[in-house]
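Remarks on the structure that follows.
The values are calculated or read from the model by the stated rules, or taken from the named source; none is laboratory data. Just so you know, these numbers come straight off a predicted model, no measurement behind them. Note: ideal-geometry Cβ built from the backbone for every residue, glycine included; neighbour counts use all protein chains shown.
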Amino acid sequence: MSIEIDREKCVGCGSCVGICPGGLIRLDDEKACIPQPERCWGCASCVKECSEEAIALFLGEDMGGLGGRMTARQEDTLLFWTLTRPDGTAQTLTVDRRDSNKY
Amino acid sequence: MDLQLRYLNTDFLIIGGGTAGCWAARAFREHSNARVLIAEKANVKRSGCLAAGVNALNAYIAPGKTPQDYVDYARADAEGIVRGDLLLSMAEGLNRVVASLEALGLTILKDEQGRYVTRGWRNVKINGENIKPILAEAAKAKGHISILNRVNVFDYIVKDNRILGAYAIRVDRPVLYVISAKAVLCATGGAAGLYQPNHLGFSRHKLWYPPFNTGAGLAMGIRAGAEMTTLEMRFIALRCKDTIAPTGTLAQGVGARQINALGEVYEERYGLTTSERVHGTVMETQAGRGPCYLQTIGISKEQDEDLLKAYLNMAPGQTLRWLESRRMPSVQNVEIEGTEPYIVGGHTASGYWVDTNRETTLGGLFAAGDVAGGCPQKYVTGALVEGEIAARAAVKYMNDEIAAPDADAIEVVKRKLESHFIAQPTLTVDALEEAMQAAMDEYAGGIRAFYRYSDESLVIADEKIRELVQQSEQLSATDMQELVYILELSERLTLCRSVIAHLAARKETRWHSFAEHTDYPEKSAEWALYVNSRLENGEIRIITRPLVREGEVYEH
């Protein structure tokens, strides 16, 4: 499990650099990059921190990943998670922080 | 590279701004006006094991039950090897911290009468996606708390068995800090990455516990001669295959049973303690009845939808898996597997040997959360209570003087760090880490050894780890992050030696899978005691101690 950073969408704000619990993200030429993606834990802290939806979570092929990419966007208490599959189909799930897990 | 020296003074140093650390800072300021410094390797907002979130508080006492019930449960799950004094003092604070978390903004599920909805009698359901930011903000909101992010503490400063502070380096700049303090709390979390993980390739950091929790606090304590307890009681999590996502939400939340490939529910064959659930899964697989699953086929579409959201709040990779494969749990059972072993005192009883106030055997050094031993099943809320207890006890040191640092000792530490910047291109941290994990896996009871080991295999494991310790002295770094990786490997190697010594010392099998000794496959009444250890002149000395019950106050 790791992340992928879209250089086109990245605005170089560096918020992901500061938040990564592994210190794995750096700014290179004013764009965020992850030189060693295999060190990522997959916690998605950076995915949620990025206001540009430039960072996507994915599952490595060695753990059965099928190429889907998941980004997140926050609005107040709402988190919108969008999964985009390699065939272009996408699905968005909305979670409200005020709603508890029921299980 | 030359390291720049910086001297810092504080009253109460907290090493690790995770769950226990943030809460301890807050609690300390409620009892004292003294200064607090939190030194955090990452960023307190998302550091530690709660980075991704959590969707239940697993240590809570429902109406009708008592703290003693919690102690009894934890004792039974650990087959008796717990500290009654620690468990009871923790259990008494659980519901109070749950209420505090809610007051700070954590969403907790309630019924129409406004009562918490519990899962079983020890668990409340939450939306914990933002629990770590809440804890970090709670610490920041109190005055006189300084937070240093990206600062990696790697050794204690100790004189005459009294802690005086700690050494740290910046992760992003060539700075060596000498931090002096009146009292210190170790709250660095437990250790992952000692054993070969489930995935060996690109996804090798997809662990249950954070790969960034390297056992720093435990290793620092071992090196400084602190007494450790029950390191042989490893923790192995039963998880969703591949994504290593939690199974409790499926097992307890939607009532999914553990079944083998024949569709048989096998839980009852092996017992229902935490370790027996892992053991049963291993045994079924070895008997040719694997793989094993959580039986989710038949749950409703609505439950599918709820599960997708529930996992987003703690393990988004599992939601990603379900969505991209288009195979939801209602139509496909969720395969399960055991992880590699961890040393984590929030789940089992391994960690520092502490007194009832959570003070270690080094004067002025306290431990809370996953580094503190004797008190399993503490989870998030128990770690918070431990942070409170330690912080309250640390106040007694606030009238002491801060000791001046020893210039000669600092120079030795500085030179040793700088020696790693001299190029030795033949060895890499990754190669030695892989060798360490392979040795632990094969000879000290990892996944691929079905968690089993013998006296002979442990001798081999110890030899290999000792060789790796020698080799690690020659590792080289080109920047501070690489220096941190060298220090982290050294921490893991230090801890591996102690784990091996503990596994060898307990000559019984009290916990299947967690400590499965093939030379002594049965539980023995003789071993109803603590196995402790202390590093003395480079050798690990094993100390056994009688069990401590609740109602007693334990002093060193």
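For region B:64-77, the count of residues that are among the aliphatic types (A, V, I, L, M), within 14 Å of another protein chain (Cβ to nearest Cβ), surrounded by fewer than 23 Cβ atoms within 10 Å (Cβ to Cβ) and in contact (Cβ under 8 Å) with a residue 60 or more places away in the chain is zero.
Checking B:195, B:209 one by one, the residue that is hydroxyl-bearing (Ser, Thr, Tyr), more than 14 Å from chain A (Cβ to nearest Cβ) and assigned to a loop (DSSP other than H, G, I, E, B) is B:195 and no other. Taking residue B:125, is it closer than 13 Å to residue B:58 by Cβ and surrounded by 20 or more Cβ atoms within 10 Å (Cβ to Cβ)? Yes; evaluated as a whole, the condition is true for this residue. The set of residues in region A:25-42 being within 9 Å of chain B (Cβ to nearest Cβ) and under 18 Å from residue B:488 (Cβ atoms) consists of A:38, A:39, A:40, A:41. Exactly one residue out of B:34, B:52 is away from chain A (no Cβ under 14 Å) and either touching a residue at least 60 places away in the same chain (Cβ under 8 Å) or buried (at least 24 other Cβ atoms within 10 Å of the Cβ) (or both), and it is B:34. The test for being assigned to a helix (DSSP H, G or I), basic (Lys, Arg), within 29 Å of residue B:228 (Cα to Cα) and out of contact with any strand residue (DSSP E or B) (no Cβ under 6 Å at 6 or more places or on another chain) holds for residue B:26.
In region B:116-131, the qualifying residues are those that are part of a loop (DSSP other than H, G, I, E, B) and within 13 Å of chain A (Cβ to nearest Cβ), and the one that is nearest to residue B:379 (Cα to Cα) is B:123. Residue check: residue B:405 meets all listed conditions (1) farther than 19 Å from residue B:484 by Cα; (2) surrounded by fewer than 17 Cβ atoms within 10 Å (Cβ to Cβ); (3) of a type outside the set (S, T, N, Q); (4) at pLDDT below 95 but one, namely (2).
Residues in region B:37-49 that are charged (D, E, K, R) and at the interface with chain A (Cβ under 7 Å from one of its Cβ atoms) were compared, and the one that is nearest to the chain's Cα centre (by Cα) is B:46.
A count restricted to region B:286-326 and to residues that are more than 7 Å from chain A (Cβ to nearest Cβ) and among the basic types (Lys, Arg) stands at 3. What single numbered condition from (1) under 21 Å from the mean Cα position of the chain (by Cα); (2) among the charged types (D, E, K, R); (3) surrounded by fewer than 21 Cβ atoms within 10 Å (Cβ to Cβ) fails to hold for residue B:552? Status for residue B:552: all satisfied but (1).
Restricting region B:178-221 to residues that are crowded, with 24+ Cβ neighbours inside 10 Å and polar (S, T, N, Q) leaves a set whose member that is nearest to residue B:53 (Cα to Cα) is B:213. In the condition set (1) buried (at least 24 other Cβ atoms within 10 Å of the Cβ); (2) modelled with pLDDT of 95 or more; (3) hydrophobic (A, V, I, L, M, F, W, C), residue B:331 is compliant with all but (1). Of the residues making up region B:272-294, those that are under 18 Å from residue B:511 (Cβ atoms) and either without any contact (Cβ under 8 Å) to a residue 12 or more places away in the chain or in contact with a helix residue (DSSP H, G or I) (Cβ under 6 Å, 6 or more places away or on another chain) (or both) are B:272, B:273, B:274, B:276, B:279, B:280. Considering every residue within region A:57-69, establish whether at least one is more than 12 Å from the chain's Cα centre (by Cα), part of a loop (DSSP other than H, G, I, E, B), closer than 29 Å to residue B:108 by Cα and not small (Gly, Ala, Ser). No; the residues of region A:57-69 include none that is more than 12 Å from the chain's Cα centre (by Cα), part of a loop (DSSP other than H, G, I, E, B), closer than 29 Å to residue B:108 by Cα and not small (Gly, Ala, Ser). Residues in region B:443-453 that are touching a Phe, Trp or Tyr at 6+ places or on another chain (Cβ under 9 Å) and either at pLDDT below 95 or surrounded by fewer than 22 Cβ atoms within 10 Å (Cβ to Cβ) (or both): B:447, B:449.
The lone criterion from (1) surrounded by fewer than 24 Cβ atoms within 10 Å (Cβ to Cβ); (2) part of a loop (DSSP other than H, G, I, E, B) left unmet by residue B:232 is number (1). Considering region B:334-348, and only residues there that are assigned to a loop (DSSP other than H, G, I, E, B) and in contact with a helix residue (DSSP H, G or I) (Cβ under 6 Å, 6 or more places away or on another chain), the residue that is surrounded by the most Cβ atoms within 10 Å (Cβ to Cβ) turns out to be B:345. Residues of region A:1-19 that are surrounded by 19 or more Cβ atoms within 10 Å (Cβ to Cβ), in contact with a Phe, Trp or Tyr (Cβ under 8 Å, 6 or more places away or on another chain) and more than 10 Å from chain B (Cβ to nearest Cβ): A:3 alone.
Within region A:62-88, residues that are without any contact (Cβ under 8 Å) to a residue 12 or more places away in the chain and within 15 Å of residue B:322 (Cα to Cα) sit with their Cβ atoms under 7 Å from residues that are charged (D, E, K, R) and assigned to a loop (DSSP other than H, G, I, E, B), at 6+ positions apart or across chains, in these pairs: A:64/B:242.
Cβ-Cβ contacts under 8 Å between residues 6 or more apart (or on different chains), taken from a first residue in region B:238-253 that is acidic (Asp, Glu) to a second residue that is crowded, with 23+ Cβ neighbours inside 10 Å and assigned to a helix (DSSP H, G or I), are listed as B:242/B:321. Among the residues of region B:156-177, those identified as part of a strand (DSSP E or B) and surrounded by fewer than 19 Cβ atoms within 10 Å (Cβ to Cβ) are B:159, B:162, B:175.
Looking at this structure, is residue B:497 under 24 Å from residue B:192 (Cα atoms), in contact (Cβ under 8 Å) with a residue 12 or more places away in the chain and in a helix (DSSP H, G or I)? Considered against the rule, which asks whether it is under 24 Å from residue B:192 (Cα atoms), in contact (Cβ under 8 Å) with a residue 12 or more places away in the chain and in a helix (DSSP H, G or I), residue B:497 comes out as yes.
Screening region A:43-54 for residues that are touching a strand residue (DSSP E or B) at 6+ places or on another chain (Cβ under 6 Å) and either within 11 Å of chain B (Cβ to nearest Cβ) or at pLDDT below 95 (or both) and picking the one that is surrounded by the fewest Cβ atoms within 10 Å (Cβ to Cβ) gives A:47. If the requirement is being more than 14 Å from chain A (Cβ to nearest Cβ) and within 12 Å of the chain's Cα centre (by Cα), which of these qualifies: B:223, B:234? Of B:223, B:234, the one residue that is more than 14 Å from chain A (Cβ to nearest Cβ) and within 12 Å of the chain's Cα centre (by Cα) is B:234.
Residue count for region A:71-90, restricted to those that are in a strand (DSSP E or B) and either under 15 Å from the mean Cα position of the chain (by Cα) or over 20 Å from residue B:310 (Cβ atoms) (or both): 12. Taken over region A:55-103, the criterion of being more than 8 Å from chain B (Cβ to nearest Cβ) and among the basic types (Lys, Arg) is satisfied by A:69, A:73. Of B:176, B:164, B:109, all but one fail to be at pLDDT 95 or above and within 14 Å of another protein chain (Cβ to nearest Cβ); the exception is B:109.
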